[in-house]
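The structure under discussion appears below in the form of structure tokens.
The values are calculated or read from the model by the stated rules, or taken from the named source; none is laboratory data. Every value quoted in this text rests on a predicted model; they were computed, and no experiment measured them. Virtual Cβ from ideal backbone geometry, glycine too; neighbours counted across all protein chains shown. Areas reflect the complete protein model, heavy atoms only, side chains present, ligands, DNA and RNA absent. Shrake-Rupley method; radii C 1.70, N 1.55, O 1.52, S 1.80 Å.
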Number of protein chains: 2
Amino acid sequence: MSYGQGYNPYGQPGGGYAAPPGAFPPQNSQVSSQAQQWFAMVDRDRSGKINASELQAALVNGRGDHFSDNACKLMISMFDNDASGTIDVYEFEKLYNYINQWLQVFKTYDQDSSGHIEESELTQAFTQMGFRFSPEFINFLVKKSDPQTHKEVSVDQFIVLCVQVQRFTEAFRQRDTQQNGTITIGFEDFLTVAIGCSY
Amino acid sequence: MSYGQGYNPYGQPGGGYAAPPGAFPPQNSQVSSQAQQWFAMVDRDRSGKINASELQAALVNGRGDHFSDNACKLMISMFDNDASGTIDVYEFEKLYNYINQWLQVFKTYDQDSSGHIEESELTQAFTQMGFRFSPEFINFLVKKSDPQTHKEVSVDQFIVLCVQVQRFTEAFRQRDTQQNGTITIGFEDFLTVAIGCSY
């Protein structure tokens, strides 16, 4: 690991690892007109709900590729409180704000707006989010996201990585009572975290 | 946890947790005629390769529902050595044998051939595979598999659970040098296992 002895392993104290800065604004019943307009465009069957397929049809990266099934399902599942597989306009606004925060980070490093970033840029992005990851770990994330060429991470894979890192970091932190970057964990608890945070 | 002091937490010594008994037969270049027939049926575009969509079109549970996207992608990914998103007939035969082993376990408990089993049957199935899980953990798995009604596990979700449990158990076991059901693990190693074993 790249951080020194006694260093907070999750990054800067109070840093943005749990959620991007500014995400999850205080809940109220007013949905912004911008989110409402987006919702109306994405909700193609006018059901008043958006499912993963509708979200996928609306989201493309800089090269015109649609976001992956997995990324869209993951994003829906994060705000789908009744496990219906769909989100309403209020849940959508939260997703919209949440995703925009990650996108701001991503765009900073995707300078040609291709919708893809490379390993060194992923390192910088996680650093900006307050993480200090080793080069080996960043390399592992790139290979996981791009199993064929091992070179670059698309915007939807970036969102998936951020959500995974966030979820597992939160689960780890709850168990790291000494805040020293090491936990002791039993078999069933380990399985529960690993399976529970998967999507 | 339900196992006693000093008990092997993964179940019976030499039990079938790493893979169902009889799975992964010795590799040879001869593909059984049964697997070849199946492959020809599933490979609808005659490309000589099967992708997750073709697999999904071929697989239904007892109620006529197709297997989930995730289950089919997971199954392909397990034998897709070149990360192409497809498997050839040799890889397919391994998948075919592998899945058949889990199905034998599942069918033992799915007595009305509905393609679904309930919580008590899932407990028995894992016990047969050599695991000793607490009722709380089994309940968690059922809720994870059936987020809406919390009642039953479909055959494809069962396969996903078995693969997840198997992968994470293997990762845990490698780190459990004392074989006492508890490990000490650092932050990046934890993230690597959790994200690496996800699909």
Checklist line | With every protein chain in place, segment A:33-197: carbon and sulfur % of accessible area (1.4 Å) | finding: 45
Checklist line | Sequence ranges B:30-36, B:125-131, ranked by mean other-Cβ count within 10 angstrom, highest first | finding: B:125-131, B:30-36
Item checked: Derived scalar couplings ³J(HN,Hα) [segment B:127-133; Karplus, 6.51 cos²θ - 1.76 cosθ + 1.60; whole Hz; x for Gly, Pro] -> 4, 4, 7, x, 9, 10, 9
Note to self: Once you order the gyration tensor axes a ≥ b ≥ c over the Cα atoms, which shape class does segment A:160-199 get: rounded for a/c under 1.5, otherwise prolate or oblate by comparing a/b with b/c?
What the structure shows: oblate
Note to self: 7 Å along Cα→Cβ for the label point: how many nanometres lie between A:Arg46 and each equivalent label in the other copies, listed shortest first?
What the structure shows: 4.5
Checklist line | Cα Rg, Dmax (largest Cα-Cα span) when computed across segment B:93-151, Å | finding: 12.3, 36
Checklist line | segment A:33-197 shape via C-alpha gyration tensor axes, a/c threshold 1.5 | finding: oblate
Margin query: Just checking the output field for A:178-186: average partner chain Cβ neighbours within 10 Å of each residue's Cβ?
Written below: 4
Item checked: Interchain or long-range residues, amide H under 5 Å from B:Gly115's placed H -> B:Gly62
Check: So what J values fall out for segment A:62-69 if you push phi through Karplus, 6.51 cos²θ - 1.76 cosθ + 1.60 with θ = phi - 60°, rounded to Hz, Gly and Pro as x?
Finding: x, 9, x, 7, 6, 4, 5, 3
Notebook entry, point to check: Shielding of B:122-128 by partners, i.e. mean partner chain Cβ atoms within 10 Å per residue?
Noted result: 0
Check: Can you give me the relative contact order of segment A:33-197 as a percent, contacts being Cα pairs under 8 Å and 6 or more apart?
Finding: 17
Notebook entry, point to check: Remind me, relative contact order of segment A:133-197 in percent, using alpha carbon pairs under 8 angstrom and six or more residues apart?
Noted result: 19
Notebook entry, point to check: Other chains near A:153-166: what is the mean number of their Cβ atoms within 10 Å of each residue's Cβ?
Noted result: 1
Note to self: Quick one: 3J(HN,Hα) in Hz for segment B:171-184, Karplus 6.51/-1.76/1.60 with θ = phi - 60°, rounded, Gly and Pro as x.
What the structure shows: 4, 5, 4, 4, 9, 8, 5, 7, 6, 10, x, 9, 10, 10
Check: With the calculation restricted to Cα positions, what are the radius of gyration and Dmax of segment A:58-108 in angstrom?
Finding: 11.7, 35
Check: Shortest first, in nm, what separates the label point of B:Gln174 from those of the same position in the other copies (7 Å along Cα→Cβ)?
Finding: 2.6
Margin query: Using only protein heavy atoms and a 1.4 Å probe, how much accessible area in total is buried between A and B, to the nearest 100 Å²?
Written below: 3800
Item checked: Qualifying trypsin sites (Lys or Arg not before Pro) in segment A:54-128, DSSP loop, other Cβ atoms within 10 Å at most 14 -> A:Arg63
